[in-house]
1. Report the GluC sites (Glu not before Pro) located in segment 78-126 that are in a DSSP loop and have at most 11 other Cβ atoms inside 10 Å of their Cβ, or state none.
2. What ranking of 156, 11 emerges when the number of other C-beta atoms within 10 Å of each C-beta is taken as an exposure proxy, fewest first?
3. Return a whole-number percent for the relative contact order of segment 2-182, with Cα pairs under 8 Å and 6 or more residues apart as the contact set.
4. Remind me, what semi-axes does segment 79-184 give for its equivalent ellipsoid, largest first in whole Å, using sqrt of 5 times each Cα gyration tensor eigenvalue?
5. If I model a spin label at residue 166 and residue 44 as a point 7 Å from the Cα along the Cα→Cβ vector, what separation in nanometres do I get?
6. Under 5 Å between amide H atoms, partner at least 5 residues away or on a different chain: which partners does residue 65 have, H built in plane at 1.01 Å?
7. Would you please give the residues with an amide H less than 5 Å from that of residue 31, counting only those at least 5 places away or on a separate chain, with H modeled from the backbone geometry?
8. For a quick check: sort 14, 100 by the number of other beta carbons within 10 angstrom, fewest at the front.
Amino acid sequence: MKIFAVYFSICLPREPDWLIKFREKYDEPFETHITLKQPCFIAESELPLLKQQLKAFVKNNNLKKIPVEFSKVVVDESDTEKNIIMLTPKDSVELIALQRKLIKVLSSYNDYFDINTIKYETDFNPHITIAHSVVSQKLEKVLLETPDKFSISGYCDKLVLIIVKEATVKERKDPNNLIIFYLN
């Protein structure tokens, strides 16, 4: 068995210093992305079909670079010991529509690595995570490190399928575990 997920890689040409420092301090060392399909287990024998499905999805939807503008800080406080801080885009209609189409295509893959992440897929709210596991007692102080008003422009430039044996940083960062579909 392996674990896979699908995400849009986000290019932020003018990523502000505050965001870089904030993510270095509170986030995991992964590329900026919006997860579309949460991590699921998959048999190795199913991988060729999954890759075919994604290739067809990119082609059938004529995927191009999708502009995004992040302007709001949102906190997921569903687990008070592991609050997650995210940035959400101003307009997410196109991202939501594409994610729903993708989930429909990949509906047979539902053996989730972490059952708690299903909510991010079923109630999809596009975001980039900028902090993990912020305890409630420190949340207010941590949020003071984000500006009240900001606008960060970028674009989705790649659809990425990641396939790993184990959910480790080393596996996630290994380029051999990534299948990249570049958007025009």
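1. Passing both the DSSP loop test and the Cβ count: 81.
2. Working: 156 24, 11 16.
Going from least to most buried by this count: 11, 156.
3. Across segment 2-182, relative contact order equals 38 percent.
4. Values: eigenvalues 132, 76, 52 Å².
Semi-axes, largest first: 26, 20, 16 Å.
5. Going from the residue 166 label point to the residue 44 one covers 1.7 nm.
6. 184
7. For residue 31, no residues qualify.
8. Details: 14 7, 100 12.
Listed from fewest to most nearby Cβ atoms, that is 14, 100.
Each value in this text was obtained by applying a stated rule to the coordinates, not by laboratory testing. Computed from a predicted structure; not experimentally measured. Counting neighbours? That spans all protein chains shown, and the Cβs are built from the backbone with ideal geometry, glycine included.
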